[in-house]
Amino acid sequence: MNILETLGRLASESGFAGFLAAGGWKNLIMIAIACGLLYLGIVKKFEPLLLVGIAFGCLLTNLPGSGLYHLDMWDAYVAGTPYITAAGEVIEHLTFTTVMHEGGLLDVFYIGVKAGVYPSIIFMGVGAMTDFGPLLANPKSLLLGAAAQLGVFVAFFGAILLGFSGPQAASIGIIGGADGPTAIFLTTKLAPELLGPIAIAAYSYMALIPLIQPPIMKFMTTPAMRVVKMEQTREVSKTEKIIFPIVVSAFVILLLPSTAPLIGCLMLGNLFRECGVTDRLSDTVQNALMNIVTIMLATSVGATMVAERFLSADTIKIVILGLVAFAISTTGGLIGGRIMYRVSGGKINPLIGSAGVSAVPMAARVAQDVGRKYNKTNFLLMHAMGPNVAGVIGSAIAAGYLLSVFG
Amino acid sequence: MSEALLHPSVPSAALMAVLGYAVVFFGILLLLVVVIVMGKIMVSSQKKAAAAAAAAAPAPEAAPADKPVAKGTAGELMLHDVDPKDAAMVMAIVAHKLNKPLNELRFRSIKEVKDK
């Protein structure tokens, strides 16, 4: 055995050699980006539960030779073209079974994203954590959830102008829904090649809502509007809360069948919470199940941030369009709030319109904080929760529409 | 997917965007109607149930004659084996501990708990 030859082979096959190969420097940049995201998640606490996993998935996938995620395999899967394995075997039609045989660990995790399982389960957890009482007490706040979807469609149009394809533009637009699982769900179906940058943009901007929204809220409202104190809403009975998820599921899914996975899971989770006989299930969905799925979702989404795909001008465009989408969605909600302020004769504080973007409960908290800043005796939180949860339904409907058009 | 959808022209993309926003509003509006109707049905059924319960309930019973009612028992406050002075002291202590004026508290019954 020639020791030098063996050592030489080990060195040439090591991941370190991969950095010196053609395009290897891009992996180094991606590793730096992963470290930057880890910093934002751990030190700055930007959506840490997701960002830490996404960043680490990005780190793992960009270590040359790790073989945890195969971009070419998923490209072949989407295109329906043959895939040549590392051993030279040609697989004519890739299926999830062949991915489990041939893929790496993160490929296996990614099956859950590709099948739309993880976003749906996360929606179930969101449903189990959400109290729709404020929405039922003041159903008109549903309209603010619709108004705040403006950014989705403006960003969609902007993306078309910037040269993205229809399905890609739809996936970029949904960032304006401020709903991470919905963005991932739709992007996986329509433009999986953009999943990494879209997920990063969606979650980063959700974390930045306390910075993005207040200046827009100030700009879009007058001091007199900001100090409006809203009246106590009516008490909602337990029966109403139990019937609500059943009615909404049936109604919205019949209206837009493509929303079935998201709305179905959201409302099932809520039914677990409200029906009073499934406390254990509600607890599991809110905690254990959601945490497990979050780990797999975050790492596999991070794994899609492969250097050759992520380091492009498109990523920069997506980041900019995402910010535009968030800002315009907030503006749309505030315009809706202003209209309701006028129609109600000044009884509704338009600030709650900003909570119409999903981002539960962050956006509602921002409405509360801004309201309190201008009127110390004002408590807008429960009033803002109505449009906030309506935003979840609104963004699911927007996603359903885009999926039915481009899916 | 057709080319028109894959690479929509600017006017058709604008139309899709407007249509999409309209669809969201339409869906939410219909949902709003459903939720309002549901709420109205619930509120009216609750009112009916409350009215039926009130009608079916027997008239409030007078204080049983055999129960000892201490001197000083007033209004709805029932004193059971409690001296009015002791009751007044209990009420004052409760008001003090809760840091509430006595006239904002409602006492319904005061009963001495005897050691067995």
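Odds and ends about this structure:
- Residue check, A:Gly151 touching a residue at least 24 places away in the same chain (Cβ under 8 Å), at the interface with chain B (Cβ under 7 Å from one of its Cβ atoms) and crowded, with 24+ Cβ neighbours inside 10 Å: no
- Scanning the stretch A:26-38 finds no residues that are farther than 22 Å from A:Val113 by Cα, among the basic types (Lys, Arg) and at pLDDT below 90.
- Residue within the stretch A:82-95 that is assigned to a helix (DSSP H, G or I) and not assigned by TED's automatic domain parsing to the domain that holds A:Gly269 present: no
Each row is one residue, and each column tells you yes or no for (1) surrounded by fewer than 24 Cβ atoms within 10 Å (Cβ to Cβ); (2) at pLDDT 90 or above; (3) under 14 Å from A:Phe185 (Cα atoms).
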site: A:Arg372; (1), (2), (3): yes, yes, no
site: A:Thr377; (1), (2), (3): yes, no, no
site: A:Ala384; (1), (2), (3): no, yes, no
site: A:Gly391; (1), (2), (3): no, yes, no
site: A:Ile397; (1), (2), (3): no, yes, yes
site: A:Phe406; (1), (2), (3): yes, yes, yes
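- If the condition is being more than 22 Å from the chain's Cα centre (by Cα), farther than 14 Å from A:Leu135 by Cα and more than 8 Å from every other protein chain (Cβ to nearest Cβ), then the stretch A:239-259 contributes A:Ile246, A:Ala250, A:Leu254.
- Only helices (runs of 4 or more DSSP H) whose full extent lies in the stretch A:288-407 are considered here, and the ones with at least 2 residues that are β-branched (Val, Ile, Thr) are A:290-303, A:313-343, A:362-374, A:381-406.
- Unmet requirement for A:Gly112, which otherwise passes all of (1) free of Cβ contacts under 8 Å to residues at least 24 places away in the same chain; (2) touching a helix residue (DSSP H, G or I) at 6+ places or on another chain (Cβ under 7 Å): (1)
- Test for A:Gly332: is it assigned by TED's automatic domain parsing to the domain that holds A:Pro134, buried (at least 24 other Cβ atoms within 10 Å of the Cβ) and at pLDDT 95 or above: yes
- Close contacts from the stretch A:1-28, counting a first residue that is assigned to a helix (DSSP H, G or I) and a second that is among the acidic types (Asp, Glu), with Cβ to Cβ under 8 Å and a gap of 6+ residues or different chains, come to A:Lys26/A:Glu308.
The values are calculated or read from the model by the stated rules, or taken from the named source; none is laboratory data. Only a predicted model underlies this, so the values are computations on that prediction, with no experimental measurement involved. Quick reminder, even Gly has a Cβ in these numbers, built from the backbone with ideal geometry, and neighbours come from all protein chains shown.
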